[in-house]
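Structure, as structure tokens:
Bear in mind these aren't lab numbers, they're just calculated from the coordinates by the rules spelled out. A quick note: this is a predicted structure, and the numbers were derived from the prediction, not measured. Every residue, glycine among them, receives a Cβ derived from its backbone with ideal geometry; neighbour counts consider all protein chains shown.
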Amino acid sequence: MALSLFERRLRNAPNRPGVYIMKDVRGNVLYVGKASVLSNRLRNYFGSPANLPNKIRRMLGQLDDFECIVTDTEAEALILENTLIKRHKPRYNARLKDDKTYPYLKIDLAEDFPKVYITRKVAKDGGRYFGPFATAGTVRQTMDLIKRLFPYRSCTKAITGKDARPCLEYYINRCVAPCTGLASKEDYAKVIDQVTLFMEGDTEAVTTDLRINMEKASEELEFERAAVLRDRMRSVQKVADEQQIKVDANPISDMDVIAFTQSDSDTWVEVFFIRHNKLIGRDHFFMDGAQDESPGLVMGQFIKQFYQSASAIPPRILLQHQLEEEELIGEWLRELRGGPVRLVLPQRGQHKKLIDMVAENARQGLKHHRVRWLDNTDVIHQAMAELQEELSLPTDLRRMECYDISHIQGTNTVASMAVFEDGKPKSSEYRRFKIKTVEGVDDFESIREVLRRRFKRMADARAKGNRPDDNGTHDKEDSWGIFPDLVLIDGGKGQLSAALEVFLEMGLDNVALASLAKENEWLYVPHTPEPIVLARNSQALYLVQRIRDEAHRFAITYHRNLRSKSSLKSPLDMVTGIGPKRKRMLLRRFGSVNGVKHASLDEISAVPGLTRSLAILLKQSL
């Protein structure tokens, strides 16, 4: 759309609350947002780009049209925004992955003998719903647990109470057999009540009820039934003890605790569900489109999308980060719950310990998720095959090398080389480089220097005959002589062009080259202006993100080490002519750098090994 047309549209934008929808030239939804005043918010997008986040600037580069939907209130706009994000899944919005498919556990109270089962739809039918759970696996684990504890029926037959004999589940104490009339409707209802109380976290009420029934059975001389109830009570108590949150003396009320961790490509959100001072469950969720977003915005988007379909909202929610729209989201939650909801950002005490614990679980969860992916040989082979096909490479991708540059305002510039063999990291062959010939901030020249040094080492190693054998075995020095099947550069077209210059200069026409632009996670290859856009759920994309993240991590670690060493240097180290020996003599004589600074020229000159001219230079430097 022409800029003049945008300007005319902006002048006529509504001065009311509502939702705006950004679209590309094909009509695909790029971004959905809400505003208390649509005209003011839209003008912000078309002002100075310097004030906009990188992700929004990228989105505007693809923008062709926008439309507005007016609402009566900002709260209605928030609900509509959330609905449209779930429907269209815009790539520039932070959103839950596959949120439409989250499973719930349901107890259908409309039946005379209710079943407990998994469902993916929540309806206002009088049933009890628990969830959502992140995966069907997590809800099945919950069902396995409650089935071991409570003898509700798992069959689908019509219950008449006239069956001749019960099934095996009755004999192993997994069902009370209402089908044969051994349990009345009231008896079975007590079992379902216990399941409901347990899922709500009120295990004390469950154990109290079981104890009363056990004592009643014992008084009536039904010792076998009393023993079954005793064992069930002990099992429930054991689960309750395992769920107990170990914190300070003050009791913890019902609450959810939410924290998340982010990497360059993943956002893992961890939620702990605490009821009656017990951790009754925990789950994790992935979010898409959360890169480059502020923690407060990511947290807000998760809360809006998660609690819109949650079966229950607690009166208190502990948050790792301050929300950007805390007042509006809080009011929306209170309306959904039909009661008070407090959003708490703890700074100290037991609640802060809880947040820290959940945040650590999120970090460990994301770490283990990556490890599991790297251990899945079939998935890795699929990823390498996909990447080979996308890059049109004639040979298998056995060895990949990725290069990353790290610096802060041009100081201590370093580079890293991460190596993946057969789709897995080979950390013994990671290499790091301290940039020697580049001054200031120049990523392109830094890439050129690193690649020249790396492939010169390869040429030297091969000239000496240090080549790995046919099985690929080699020692640390030999590893420089291995040809990579793919060189991946962390960056866009500029970094790719700089790398290509070195390849042409050194005659490296048998090594595949590509760059991964972080902005859109697009792959660029030489002599092709259009990027290779891998599907967001592509295993190939996940593989290149993993090696890019490893290169970035390795570079950052080296950079931090250098900065740390630089910060420990003494001002005496910066004076030409003052080496370690003279430095020791000065500090031994004057006690500290400040002592040297306040000493006279004659006193400094009297130190063994220092001349008067060196003393003058030292005083001037200090």
Item to check | the chain, helix-only ellipticity at 222 nm - DSSP H runs n ≥ 4, -39,500 (n - 2.57), divided by all residues, nearest 500 | outcome: -14000 deg cm²/dmol
Checklist entry - Roughly how many nanometres apart are two label points built 7 Å out from the Cα toward the Cβ at LEU168 and ILE118? => result 2.1 nm
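When only Cα pairs under 8 Å and 6 or more residues apart are kept, what is the percent relative contact order across segment 3-93? The partial results should precede the final answer.
Values: 141 pairs, mean separation 35.5, N = 91.
Taking the mean separation of contacting Cα pairs over the length of segment 3-93, I get 39 percent.
Of all beta bridges DSSP finds with both residues in the chain, what is the antiparallel percent, to the nearest 5? Don't skip to the end; give the middle numbers.
Values: 57 of 72 bridges.
Taking every DSSP beta bridge within the chain, about 80 percent pair in antiparallel fashion.
How much length would be gained if the chain were fully extended between LEU622 and ARG348, taking 0.36 nm per residue of separation minus their Cα-Cα distance, in nm to one decimal?
Working: separation 274, 0.36 × 274 = 98.64 nm, distance 4.36 nm.
Length gained, LEU622 through ARG348: 94.3 nm.
Mind scanning LYS106/LYS147; LYS124/LYS147; LYS115/LYS190; LYS23/LYS493 and naming the pairs with a C-alpha gap bigger than 21 Å? Mind dumping the intermediate values first?
Values: LYS106/LYS147 14 Å; LYS124/LYS147 25 Å; LYS115/LYS190 13 Å; LYS23/LYS493 25 Å.
Where the Cα-Cα span goes over 21 Å, the pairs concerned are LYS124/LYS147; LYS23/LYS493.
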Item to check | Acute angle (nearest 10 degrees) that the helix 493-506 long axis makes with the longest principal axis of the chain, alpha-carbon atoms | outcome: 50 degrees
Item to check | Degrees, to the nearest 10: 74-88 long Cα axis against longest axis of the chain | outcome: 80 degrees
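Could the peptides 182-190, 485-493, 308-316 be put in order, highest first, of the mean number of other beta-carbon atoms found within 10 Å of their residues? Each step should come with its number before you reach the end.
Working: 182-190: 14.4, 485-493: 22.1, 308-316: 17.1.
Peptide ranking by packing, descending: 485-493, 308-316, 182-190.
How big is the convex hull of the Cα atoms of segment 255-369, per residue, in Å³? Working shown, then result.
Numbers: hull volume 12.1 nm³, N = 115.
About 105 Å³ per residue, rounded to a whole number.
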Item to check | For the chain, size of Cβ-based charge dipole, Lys and Arg +1, Asp and Glu -1, in debye | outcome: 1860 debye
Item to check | segment 255-369: relative contact order in percent, alpha carbon pairs under 8 Å with at least 6 residues between | outcome: 32 percent
Checklist entry - Once both axes come from the Cα atoms, what is the angle between helix 580-590 and the longest principal axis of the chain, in degrees from 0 to 90, rounded to 10? => result 80 degrees
Checklist outcome for this item: Relative contact order as a percentage, the chain, C-alpha pairs under 8 Å and 6+ apart, gives 8 percent
